[in-house]
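Only one structure is covered here, and it is reproduced in the block below.
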Amino acid sequence: MCTLWQRLGRAARAFHLTAKGLFLVEPKRFDANIAKAEARAAKRAAAVKKRKQCSDPTDQPPAKRAAAASPDAPNVPIPVPISAPVTTAVDDPSLDVSDELDDTDDIPNDPLQPHSLASADKTSRAEYRAERRAAYAAVVTHEPGWKKQLKKRGADRLEPALDDFINAPTRQPGNPCYREPIMIFFGNDKTVSTHMQCRSDLREGCPRCVVTDSEICCELCSPDEFSEFARVDILKAKAQAPRSRIPKYVADPSDMALRTALHSFRKSRAGEVLGPLHYRKHGAGSIMSSEVLDRIADCAHFYKIQSTADLARETDWHRIAEDGTKVLAVIMQHRPPPGPAPSVPAPLHSSNTNLPLVSTPKNRKCGKCGQSGHIASNQKCPKYSARGSGRRVSTIENTPCTPTNPNTSRSTPPLSPSSFAVTPHLQSCLPFRQITNAIPYNQSPISSYSNNSPASPFRFTYNSQINSTVSSSSTSPYMYPPPSRYNTE
């Protein structure tokens, strides 16, 4: 209270001046909102109490008593059932009224009018002053109870004098006044003026020490004088749309022409607005900075500026009201918006919409016989063959060796036994473990087909495994050396 009254008293010190002080108070400090918070706290306390009663162990059935041990039983301690302690009614910090006051969802931004609040008790002005003076004096003499609760529970409460000053319309009897708590707190209602003792030579006493009443008291006493401080709800400013994010791009000739035109515009406009002297001193940047110019060029490349509103949102230029339309004309001259895409005419449909849509089947063609109307897997095909009709095995062990008859071969002339050679074809058709007879080998080329060619016969023997090799120095182009696991006998 002392700090507040000191600040308000410094508004005007001269007697011929009149000052008005405006004290802003949070809505949760008013009695109407405090009553709502207390109602919510009481409702929450009742819900918590009901929940605790449901979980109270005293309502549960009593625990079974432990049976006494027999004398012959071993010395084993008997477990005693542990019961939960009975909870007593204590102050729950979570049910504090200050927490309800901090929740300002349903609290109005402005306090209620004095005529809509409940009136104070029908007490006299003298009784009210005596009661409040005792309460204010208790704050100075000793620590009051509300301050102890402040330390104990962390409640955010005001001192009684300041609380009465805020809620003067609802707590004072008769005609309330905001000055009444201040006069009681400082004792001005009982203070006797000493202006006659200060200047006894003057008939009216000391003009400086005399206590005079203010012509304008407060909002409750003189409401017409404070009509200009009407309580209104401050409209929240709408969030402005964010600026566009311009990605990196490669400037084309039209972008460079736009930048050149913007440079020329701000130069000529600076000369017109500032004059030659100030133009040489401040430059063209005072009309349009380089950052704004670059931003305009970047946004114009992606056609982000189509109106003065877009120009204000994208650039935040300070001369949009004066030169916004001129800059917009320069942008439209060099970077006009693209025209609409050419519309493709819709195909003409029949007016009769009741006819069902029938899809024409595609004429299929067979891949084997080449005829139309079927595919290769259809039985109508002349060259149809069932898939998977037999199992074909092409292993060497299951394939019997069928030697080729030289007389029936058309491409190969008959060979004599002396000119027969081991060839890859023979190795693939004739398993090695079936070779038990002697096979002559001729070192001369097989293309000679001569019966008189010298031969160096040798034998392959079959035991558990055939081991034989052929010399790698053979000059026959049709001979491949056998694997190294064969040994010459």
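All of the numbers you see were taken from the coordinates with simple rules; none came from a lab. Given the structure is predicted, the values throughout are model-derived calculations rather than measurements. With ideal geometry, Cβ positions are generated from the backbone for all residues, glycine too; neighbour counts draw on all protein chains shown.
If you take the square roots of the eigenvalues of the alpha-carbon gyration tensor of region 253-334 and sort them as a ≥ b ≥ c, do you get rounded (a/c under 1.5), prolate (a/b over b/c) or oblate? Cα axes put region 253-334 in the prolate bin. Loop-located GluC sites (Glu not before Pro) across region 223-316 with a Cβ neighbour count of 13 or fewer within 10 Å are lacking, with loop assigned by DSSP.
Checking the Cα-Cα distances for Lys238/Lys326; Lys36/Lys238; Lys28/Lys190; Lys362/Lys383; Lys28/Lys236 against a 26 Å cut-off, the pairs over it are Lys238/Lys326; Lys36/Lys238; Lys28/Lys190. For region 269-316, chymotrypsin sites (Phe, Trp or Tyr not before Pro) are listed when DSSP marks them as loop and at most 15 other Cβ atoms sit within 10 Å of their Cβ; the list is Phe302, Tyr303. With neighbours defined as other Cβ atoms within 10 Å of a residue's Cβ, the residues His16, His374 order from fewest to most as His16, His374.
Fewest neighbouring Cβ atoms within 10 Å first, the residues Thr170, Thr191 line up as Thr191, Thr170.
The distance from the alpha carbon centre of region 255-312 to that of region 24-42 is 56 Å, rounded to a whole number. With each label modelled as a point 7 angstrom along the Cα→C-beta vector, the Cys369-His318 pair spans 9.3 nm.
Here the label points at Ala137 and Phe186, each 7 Å from Cα along the C-beta direction, are separated by 2.0 nm in the simple model. Here the gap between Met196 and Lys380, fully extended at 0.36 nm per residue and compared with their Cα-Cα distance, gives a gain of 52.4 nm. When you work out D = kT/(6 pi eta Rh) for region 192-235 at 37 °C and 0.692 mPa s, using the Kirkwood radius from C-alpha pairs as Rh and the Stokes-Einstein form, the result is 243 µm²/s. Each of Thr18, Thr212, Thr308, Thr315 was scored by other Cβ atoms within 10 Å of its Cβ. Arranged with the fewest first, they read Thr212, Thr18, Thr308, Thr315. The value of relative contact order for region 253-334, using C-alpha pairs under 8 Å at least six residues apart, is 34 percent.
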